[in-house]
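Visitor: Here it is, the structure, as structure tokens.
Derivation of every value follows stated rules applied to the coordinates shown; laboratory data play no part. Owing to the predicted nature of the structure, the values given are computational and were not obtained by experimental measurement. Cβ: placed from backbone, ideal geometry, glycine included. Neighbour counts: every protein chain shown.
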Ligand code: PFF
């Protein structure tokens, strides 16, 4: 159709290439590192239930919306939104979705890279036998020593940023598809192995109960906000990462099916990670609410004890780093492509965006040691960044996308892009994105700050 834009950055070779790249973006530290620790901090089952509800009611519709906007706009989020706003006869200010997304991506990557650095450092620690037969205390001390050393953290953060930039400057298509094609199934199998091992532990059922038996007394108002924020974070929504991948999506691909596959795979990985980790937590008398160090303080205990643990453990941290890597690429991609559209070479754009992110990451590094006492709104720098991006910026971004797509874009355009014909699919999407998603986001915000609800 003549009024459809085309992408200057090329197209995916197939629907699978898109699924792999988007899954690569979605599956990352959010699933394996963040999901278990925030579940632990927020009391387990009830939190998981709210999170799952948010994935279905808010996450999947927003993912469809974001892919739709990307494919229709065929450009970086800022330019795509500008183009779409013009097409819809709306104000150009809607491009702010692109701006805030770019900012969110950059802020997220600045701490994401530091945590990915932990994973990288654990490859070395595991392969060199640090955790062989190690007691929970020894494992805990190792983690504490890493956090206490700004120099080590900086080294691993730098390495991870360099790895990310190297891929980004060569263009996303090269290598990413292949890496993800191999990585995802392997990571999945390895998680199954870990769950299998956890099953052999005395406290497996306690882990299962913790994850799946909701006790609503244990979840707070803030916990609900964190669950919703995590639905956005884990699916890479609300900041344009999925939009930009959607921009490379061929015309005749079903957006609904693809989104469901991606969200399903992402959720499965998170639940498997939870099933692997909590039995280890309970069997070793550890604290589920231990915070961001949870997987780094629990999994090595299992690797230290299980047969073949050196191999499995090393492989696990390699795969975790890989998963973080494919997510990191998508976090920086909107900024890089935007700079490219402004005339920068891809090389310069990548190095510039990477360097700024790297510098910002130093704030996160220091928040774990020298500046751990410095609190803003009662949060360390890292906590504040995480909170601000995942729980506020991403849901707001998603909210704005929903309003734009459902209320401002011509129905005929969204209908054409989603390509679901006259079946109930389009009506369901439209209802969710028009009413449920925006109201849901607002409701959770108001609830979290105590303006509605009891307490
Ligand atoms: N979804 C990624 C994860 O779960 O680790 C994190 C992420 C990547 C968030 C890309 C946002 C994004 F745009």
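Visitor: Evaluate the relative contact order of segment 64-125 (contact order divided by residue number), counting alpha-carbon pairs under 8 angstrom at least 6 apart; express in whole percent.
Guide: Computed value for segment 64-125: 21 percent relative contact order.
Visitor: Quickly work out the residue 103-to-residue 209 label distance, labels modelled 7 Å from Cα along the C-beta direction, and quote it in nm with one decimal.
Guide: That separation, rounded to one decimal, is 4.7 nm.
Visitor: Another question, then. Say R0 is 25 Å: what FRET efficiency, to the nearest 0.05, do residue 260 and residue 412 get from their beta-carbon distance?
Guide: 0.55
Visitor: Can you give me the relative contact order of segment 219-355 as a percent, contacts being Cα pairs under 8 Å and 6 or more apart?
Guide: On the way: 45 pairs, mean separation 25.8, N = 137.
This gives 19 percent for segment 219-355.
Visitor: Between residue 132 and residue 152, what is the FRET efficiency for a Förster distance of 25 Å, r being their Cβ-Cβ separation, to the nearest 0.05?
Guide: Working: r = 21 Å, r/R0 = 0.83.
Computed FRET efficiency for residue 132 and residue 152: 0.75.
Visitor: Arrange the peptides 66-74, 93-101, 395-403 so that the one whose residues have, on average, the most other Cβ atoms within 10 Å appears first. List each step's numbers first, then the result.
Guide: Details: 66-74: 26.6, 93-101: 20.4, 395-403: 23.7.
Those peptides, ordered most packed to least, come out 66-74, 395-403, 93-101.
Visitor: Which value, to two decimals, describes the C-alpha radius of gyration of segment 155-272 once divided by 2.2 N^0.38 Å?
Guide: 1.36
Visitor: What percent of all Cα-Cα pairs in segment 239-381 falls in each 10 Å bin, counting up from 0?
Guide: Percent of Cα pairs in each bin: 9, 24, 30, 28, 10, 1.
Visitor: Okay, next question. Where Rh denotes the Kirkwood radius from the mean inverse Cα pair distance, what is Rg over Rh for segment 207-261?
Guide: Reported Rg/Rh, Kirkwood definition of Rh: 1.16.
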